[in-house]
Amino acid sequence: MKKKYPIAFTLTLMLLVSALMCLIFLYNSRFASRNDDNQNQAAGRELAVLLGIIEENFIGDFDARDVTDAALRAAVEALGDRWSFYLTPDEYAEYLNNASNHYTGIGVGVVIDEETGQIEVIYTYRGSPAEKAGVLAGDVITEVDGESLIGVSLDDMRELLARPIGETAELTVLRSDGSFLTISVVYDYVFTDPIDYEMLEDDIGYVYIANFEGSSANSFISAISSLLDDGARAFVFDVRGNGGGRVSEMTRMLDYLLPEGEIFVSVGKDGVEDVTWSDSDMLDVPVVVIVDRYSFSAAEYFAATLKEYGYAEIVGEQTTGKSRSQLTLELPDGGALHISTSQYLTKNRVALAEVGGVTPDHLLALNDEEFNMLLSGTLEKADDPQLQLALSLLNM
């Protein structure tokens with residue numbers, strides 16, 4: 001007697017074959033021959049048969065969704081491209097939120113004090129549930145819903161805080177004056193403004209760009225406008241730890257800063273260049289950009305373009321070196337394929353991956369202690385060697 005497959009598993013197989021065929025089609029669509037098409041179809045059928053054999057013969061328990069995700073992930077990893085990856089439906093939903101600078105939570109940044117093990121709030125996002133409820137930077141969160149956080153990791157704390165949108169978390173916090181408070185915070189969508197800025201001494205505007213995702217260009221231009229109104233005569237743009245983002249957001253910033261000219265060059269699989277231009281309006285002020293080993297993608301391209309125009313000097317560490325751009329395409333199962341579809345070049349036709357990234361005009365690395373403090377947001381500006389070097393260049 002032949003074994004009947006459960007409907008859910010049958011649907012999973014159908015979705016898997018469909019999704020894998022989608023991957024294969026995307027990878028080969030422009031140049032595939034009839035023979036290649038036949039091979040691709042055979043590969044899809046073979047995977048479906050493989051999963052059917054697993055279902056009929058495997059003695060242990062397994063989750064068909066896990067097998068599907070693993071197969072799709074492995075298919076993309078086989079391309080050998082570190083910038084391409086498969087996203088499960090849940091990962092894709094989170095990716096879309098992050099790409100819009102939104103996430104679900106209460107809106108705090110925390111660190112664990114190495115000496116005491118206490119979880120300390122180092123900042124709250126503007127307009128976040130935590131800020132509205134009265135949580136302050138410097139507060140130590142000792143309990144969530146009456147459960148102690150002593151010895152709890154940050155991942156465990158996130159799990160304790162995870163809950164449906166609209167539900168309330170009761171935080172017990174220890175204030176710097178020694179008092180304890182219980183604060184009710186509603187779990188909600190949080191907008192994380194990717195731009196932070198302030199006026200430093202000698203009328204130098206400091207602008208930190210966390211990423212080039214949704215709304216970053218508007219926030220960037222607004223920050224500069226505000227600093228100019230306050231009398232800024234020069235700027236430091238800090239893209240350390242910036243993982244990149246959307247080309248459209250980055251080119252809007254470059255267009256705002258630079259004179260007329262090429263600001264982004266994309267080359268597709270057909271070898272044809274697609275060039276983005278800036279207009280003649282520009283911001284004519286001295287600028288220094290700070291980069292580090294974690295300035296990826298749009299962040300290093302931003303620095304490289306400003307350098308090639310002679311618009312800014314670069315301070316910091318060698319950047320990563322990336323010169324491929326990606327599209328994120330939704331698959332039939334609700335997941336997505338994030339895949340490299342073109343190469344990008346600077347206006348001088350440099351592929352940053354081929355030259356090992358952006359080489360700063362002034363190479364200066366942080367030591368391990370300084371670097372860890374920068375990551376945790378505890379490095380004071382007066383103690384930041386890279387920032388201080390940038391400021392000294394603008395004061396020469």
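Residues of segment 335-379 with backbone nitrogen within less than 12 Å of a virtual label 7 Å along the Cα-to-Cβ line of Arg82, please, listed as ranges.
In segment 335-379, the label zone of Arg82 (backbone N under 12 Å from the point 7 Å along Cα→Cβ) covers 353-354, 356-357.
What's the FRET efficiency of Glu198 with Ser340 using the Cβ-Cβ distance as r and R₀ = 30 Å, to the nearest 0.05?
After rounding to 0.05, the efficiency reads 0.25.
Which one of Asn211, Asn57, Asn367 has the biggest mean-square fluctuation once the chain is modelled by GNM with Cα springs under 10 Å?
Most flexible of the set in this elastic network: Asn57.
Loop-only GluC sites (Glu not before Pro) in segment 331-396, please: DSSP not H, G, I, E or B, and at most 12 other Cβ atoms within 10 Å.
Glu354, Glu380
Taking 0.36 nm per intervening residue step and subtracting the Cα-Cα distance, what contour gain separates Glu330 from Ser148 on full extension?
Here the answer is 61.4 nm.
Quick one: longest stretch of the chain between exposed loop trypsin sites (Lys or Arg not before Pro), exposed meaning at most 14 other C-beta atoms within 10 Å and loop per DSSP?
Segment 270-348 is the longest.
Hey, what did the chain get for relative contact order, percent, Cα under 8 Å, at least 6 apart?
Worked out over the chain, it gives 13 percent.
Listing Trp83, Trp277 from the residue with the fewest other Cβ atoms within 10 Å to the one with the most, what is the order?
Numbers: Trp83 17, Trp277 13.
Placing the least packed residue first, the sequence is Trp277, Trp83.
Looking only at Leu161, Leu254, Leu306, which one moves most when the chain is put into a Gaussian network model with springs between Cα atoms under 10 Å?
Looking only at Leu161, Leu254, Leu306, the biggest GNM fluctuation is shown by Leu161.
Can you figure out the FRET efficiency of Tyr103 with Ser176, using R₀ = 30 Å and their beta-carbon distance, to the nearest 0.05?
For R0 = 30 Å, the calculated efficiency reads 0.65.
Between Ala71 and Ile54, with labels modelled 7 Å along Cα→Cβ, what's the label distance in nm to one decimal, could you check?
0.7 nm
Using a Förster radius of 45 Å, what is the FRET efficiency between Leu136 and Asp270 based on their Cβ-Cβ separation? Nearest 0.05, please.
Efficiency for this residue pair is about 0.25.
For Thr320, which sequence-distant residues (separation of 5 or more, or a different chain) have an amide H within less than 5 Å of its own amide H, given hydrogens modelled in the peptide plane?
Ser295, Val358
Hey, for a label at Ile122 modelled as a point 7 Å past Cα toward Cβ, could you say which residues of segment 184-221 have their backbone N under 15 Å away?
Under cut-off, by backbone N: 210.
In whole Hz and in residue order, list the ³J(HN,Hα) couplings for segment 298-311 that follow from phi through the Karplus curve 6.51 cos²θ - 1.76 cosθ + 1.60, θ = phi - 60°; x for Gly and Pro.
4, 5, 6, 5, 4, 5, 5, 5, 4, 5, 5, 7, x, 8
Please find, in a Gaussian network model of the chain (springs between Cα atoms separated by less than 10 Å), the residue of Phe302, Phe191, Phe371 whose mean-square fluctuation is greatest.
Phe371
Please give the contour-minus-distance gain from Gln388 to Val355: 0.36 nm per residue of separation, less the Cα-Cα distance, rounded to one decimal in nm.
Here the answer is 9.1 nm.
For segment 102-110, what does the Karplus curve 6.51 cos²θ - 1.76 cosθ + 1.60, with θ = phi - 60°, yield as ³J(HN,Hα) per residue in whole Hz, taken in order and with x for Gly and Pro?
Karplus-based 3J(HN,Hα) across segment 102-110 equals 10, 8, 9, x, 10, x, 10, x, 10 Hz.
Which residues among segment 102-129 fall inside the zone where the amide N is under 17 Å from a point 7 Å beyond the Cα of Asp90, along Cα→Cβ?
Of the residues in segment 102-129, 104-105 have backbone N under 17 Å from the label point off Asp90.
Under a point-charge model restricted to the Cβ atoms of Lys and Arg (+1) and Asp and Glu (-1), what is the dipole moment magnitude of the chain relative to its Cα centre, in debye to the nearest 20? Let's see the in-between values first.
On the way: 26 positive and 65 negative charges, 392 e Å.
Around 1880 debye, computed over the chain.
For Ser342, which sequence-distant residues (separation of 5 or more, or a different chain) have an amide H within less than 5 Å of its own amide H, given hydrogens modelled in the peptide plane?
When sequence neighbours closer than 5 places are left aside, the close amide H contacts are Ser325.
Readers should treat all values here as calculations from the given coordinates under stated rules, not as data from a laboratory. Bear in mind that the values here come from a model prediction, so they are computed numbers and not experimental data. Positions of Cβ are generated from backbone atoms using ideal geometry, with glycine treated the same way; all protein chains shown enter the neighbour counts.
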